[in-house]
Structures are given as structure tokens and as C-alpha cells.
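Inspection log for the structure reproduced underneath, given as C-alpha cells.
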Amino acid sequence: MLTERQVLILQVIIDDFIQTAQPVGSRAISKKGNIPYSPATIRNVMADLEDMGFLEKTHSSSGRIPSEQGYRYYVDNLLSPQIAREDVNVIRHVIQDGFFEFEQIVQKSAEVLSDLTNYTSIILGPEIFEAKLKQIQIVALTPQTAVAILITNTGHVEHRSFSIPKEINAADLEKMVNILNDRLYGVPIVRLHEKLNSEVLELMKRYVNDFEKSYDYLKAAFFNEYPAKLYIGGKTNMLMQPEFKDIEKVRSFYTMMEKEEEIANLLKSKTDGIKVTIGHENKVEAIKDLSLITATYHLGDEQMGTIALLGPTRMEYKKVIALLNVLSTEMTEALYIWYKNND
């Protein structure tokens, strides 16, 4: 249990270090208006906090910096999230700016979050297997090439260009697409293969000539593995942080950012609310020197996505947690309206 004096000194050190990225010394603390203690007393308190694991001493300075344990105590016990009114207005303006598609709302949210924090923002779309098929299309580009388009009720669009083999009849493809749209509308993505291999297959056998080649081709074009959708903002913001002078750390971070499945698994959440993981609390090696803060948002009554910010452990926790709370609420409200209009 920390004393009132220890709590005050710890909070001042962490607040200072977050702003300056420089070790904090006893003399600098003693000059602050709200600190009634002498430099000698402050040095003793700092030594005690270091012994307890809340502070660390750097080799290059007599000052102290927070440890991961210090940040954890700060986040769990000392924070009162704060957000500037102009930041709230920026978020609301972006979210309510007349977007008509789910992806537009989410992508703009990722961009504004990274702009307001100078950290890297990541937004994970709702679990894709909870999405439902709305429409599929084949758009011919030439007699031999076409684009396969799959649209879900969440507004997500997948499209793939492909070549049409000469042995496949364009009229047969069109019949199949009509059958698929008729029979698969509103079917959850996770159940598409099941539906395809039962009643839909029987219909195709009945109405499509030489259906097997066309059927296999459509399955490959439309119904291969459906990836999680990530929206990333401010990936290069990490380069602006003093902690990222180490080229190996930069390389490790950017390598991880290319692995969308790994990021998606990292962000998936089964519980509502804000979650803060600091340094080595993170399971992924590339971010063990970073803090990851996540918040959830909702699409409809059941589907849930995740908003996340990655930054140094010297993160502006007060601001970031407040921003995530506001953005989560605004996104949920905007997406609720969008979802009802597109259900």
C-alpha cells in the first residue's frame, strides 16, 4: 500500500515522463507548485518507489523513469480520463459526416484516432462469420475475364478478378449467380459452404447444363476463406516516438503489422469495455515494449468489433482512454443507424 506522499511523487514522475520522455529528478519535482517536500525528502521517496518496483533508474541520468509496474498502478488507481472538447467535436464531426457504408465509417474512425493521438490505430471489424450474405455478382470485363463481387449485410465488399475458362458457358454462370442470390440471401457467412453443398447444389444440377465445372469455379471465386477486416491508421506514427530509434524495434513492429491474422487474434475481445495491456503483459513479442489499449464497439444487437491504439508505454493514458470511450460510443450509435437501414 503506497502512502499519500509516495502516490503524489509517483504521479508527478509519470505525468512528467509521459510529456517529456526524459528522466525526472528530485530537484525538478520540488519546484512544482503542488509539491511541499524538499529535494532530499523527494529523493528518499523516489528510492523507496524504486525498491518497490514502481520506478527505474537510467544509466545516463540521476533521474527516474516509470517501470511497467508503475504504469500499471497509475492506470489502475490514479487515472481520471480527460478529453478536450475540440477532440470530441472532431470525432463527432467525422462519424456523423454522412457516410453510407460501414467501411467508410470505420476507416475514417481509424484515421481520426491516429491523427488525434499520434499513435497507431487499428480497428477490427465485427467477427466476419457473424456477417450475412447480401448479394453476389459477376461483372464481365472481357469475354475471358470477370470480377466476382461478394457483399455482406455489414457493407463489407470482397472482389476478385479471374479468368473465365473457355469451357465454361457465360449463360450457365449467370443462372448459377441467380440461384445463389435467391437461396443464399441472409445466410451467415459461416454457413455458406453447408448451404452450397445441400439444397443449392441440387438446384444447380436441375437447372444448369454441365454444372460441375461452373460450380467448382464459382466456389473458388466467391467462397474461399473469408479474412478478418482490419483498418489501420497512422502506421508511420511510431517513427515519431523517441523509443523507436532502434532499427530492430522498427523492423519487428512493421513485420508484425503485415500479419493481419495475428493482429486480428490479438484484438478479438469477448468482453465489453476498455482494456489496457502494458509492455510485457502483451503476448506478442513485437509489442512487448509498447502499450495496447482496446475498446469495443457494437454493430447491431450482437456483433462486436474492437478499436485499438498502439503506442509507447509512455502513452498519454488519460487522453487515449477518454478518446476511445467517446469513439466507441459514437461508432456504436452511427453503426446502429446504418445497420437498421441496411438490415
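Going toward the positive end of the dipole of the chain, with +1 on Lys and Arg Cβ and -1 on Asp and Glu Cβ, which of Ile247, Ala308, Met257 do you reach last?
Ile247
Report ³J(HN,Hα) in whole Hz for each residue of the stretch 231-242, in order, from the Karplus equation J = 6.51 cos²θ - 1.76 cosθ + 1.60 where θ = phi - 60°; Gly and Pro get x.
Here the 3J(HN,Hα) series is 10, 10, x, x, 4, 7, 4, 4, 5, 7, 8, x Hz.
What does the helix-only formula give at 222 nm for the chain: each DSSP H stretch with n ≥ 4 adding -39500 (n - 2.57), the total divided by the residues, and the result rounded to the nearest 500 deg cm²/dmol?
It lands at -13500 deg cm²/dmol.
Once the Cβ-Cβ distance between Asp216 and Lys340 is put in as r, and R0 is 41 Å, what FRET efficiency do you end up with, to the nearest 0.05? Walk me through the intermediate numbers first.
Details: r = 38 Å, r/R0 = 0.92.
After rounding, the FRET efficiency stands at 0.60.
Show the residues, 5+ positions off or on another chain, whose built amide H is closer than 5 Å to the amide H of Gln135.
Ile151
Ignoring ligands, DNA and RNA, what percent of the 1.4 Å accessible area of the chain is carbon and sulfur?
48 percent
Specify the angular offset, from 0 to 90 degrees and rounded to the nearest 10, of the alpha carbon long axis of helix 39-51 from the longest principal axis of the alpha carbons in the chain.
Long axis of 39-51 versus the principal axis of the chain: about 50 degrees.
Among Ile149, Ile321, Ile274, whose mean-square fluctuation peaks in a Gaussian network model of the chain (Cα, cutoff 10 Å)?
Checking each option, the largest mean-square fluctuation is seen for Ile149.
Could you tell me which of Ile13, Ser163, Ser114 has its Cα farthest along the dipole of the chain towards the positive end, charges placed at Cβ (Lys, Arg +1; Asp, Glu -1), taken about the Cα centre?
Ile13
What is the dipole size for the stretch 80-126, taken about its Cα centre, with +1 at each Lys and Arg Cβ and -1 at each Asp and Glu Cβ, in debye to the nearest 20? Present the calculation step by step, with values, prior to reporting the outcome.
On the way: 3 positive and 7 negative charges, 31 e Å.
Computed charge dipole of the stretch 80-126: roughly 160 debye.
What is the helix-to-structure angle for 211-222, meaning the angle in degrees between its Cα long axis and the longest Cα principal axis of the chain, kept from 0 to 90 and rounded to the nearest 10?
Helix 211-222 sits at roughly 20 degrees to that axis.
Take the Cβ-Cβ distance between Gln19 and Thr329 as r, set R0 to 35 Å, and report the resulting FRET efficiency rounded to the nearest 0.05.
Working: r = 27 Å, r/R0 = 0.78.
It comes to 0.80.
Once you put a point 7 Å from the Cα of Asn77 and another 7 Å from the Cα of Ala40, both along the Cβ direction, what distance in nm separates them?
Each label point is offset 7 Å from its Cα along the Cβ direction, giving 2.8 nm.
Are there any GluC sites (Glu not before Pro) in the stretch 259-299 that are in a DSSP loop and have at most 11 other Cβ atoms within 10 Å? List them by number.
none
Give me the net charge of Leu79's neighbourhood, meaning all other residues with Cβ under 15 Å from the Cβ of Leu79; Lys, Arg count +1, Asp, Glu -1.
Net of charged neighbours comes to +2.
With respect to the cross-link table entries Lys195/Lys268; Lys32/Lys245; Lys235/Lys288; Lys235/Lys319, which display a Cα-Cα separation exceeding 24 Å? Show your work: numbers first, answer last.
Details: Lys195/Lys268 27 Å; Lys32/Lys245 31 Å; Lys235/Lys288 17 Å; Lys235/Lys319 19 Å.
As for pairs spanning more than 24 Å Cα to Cα, those are Lys195/Lys268; Lys32/Lys245.
How would you order 234-240, 62-68 from highest to lowest mean count of nearby Cβ atoms within 10 Å? Walk me through the numbers on the way to the answer.
Working: 234-240: 15.3, 62-68: 20.0.
The densest-packed peptide leads the list: 62-68, 234-240.
Nearest 20 debye, what's the magnitude of the dipole of the stretch 249-316 about its Cα centre given +1 on Lys and Arg Cβ and -1 on Asp and Glu Cβ?
The dipole of the stretch 249-316 has a size of about 320 debye.
Find the percent of Cα-Cα distances in the chain that exceed 26 Å, and round it to a whole number.
Numbers: 34719 of 58653 pairs.
When every Cα pair of the chain is considered, 59 percent fall beyond 26 Å.
Within the stretch 6-26, which residues have the backbone N less than 16 Å from the label spot 7 Å out from Met52 along Cα→beta-carbon, could you tell me?
6-15
Taking R0 as 22 Å, what's the FRET efficiency between Glu261 and Gln107 from their Cβ-Cβ distance, rounded to 0.05? Kindly include the intermediate steps, with their values, before the conclusion.
Values: r = 20 Å, r/R0 = 0.89.
After rounding to 0.05, the efficiency reads 0.65.
Per residue, what accessible area does the stretch 236-287 have, given a 1.4 Å probe and all protein chains present, in Å²?
64 Å²
Local charge sum around Ile287 (other residues, Cβ-Cβ under 11 Å, Lys/Arg +1, Asp/Glu -1)?
So the environment of Ile287 carries a net charge of -1.
For Tyr231, what charge total do you get from the other residues with a beta carbon under 10 Å from its beta carbon, if Lys and Arg give +1 and Asp and Glu give -1?
Working: positive: Lys108, Lys229; negative: Glu103, Glu111.
Taking every other residue near Tyr231 into account, the sum is 0.
Can you tell me the dipole magnitude for the chain around its Cα centre, using point charges on the Cβ only (Lys, Arg +1; Asp, Glu -1), in Debye to the nearest 20?
Taking the Cα centre of the chain as origin, the dipole is about 640 debye.
The values are calculated or read from the model by the stated rules, or taken from the named source; none is laboratory data. All values derive from a computational prediction rather than experimental measurement. No Cβ is skipped: glycine too gets one built from the backbone with ideal geometry, and neighbour counts run over all protein chains shown. These accessible areas exclude ligands, DNA and RNA; they are computed on the full protein's heavy atoms, side chains included. Shrake-Rupley method; radii C 1.70, N 1.55, O 1.52, S 1.80 Å.
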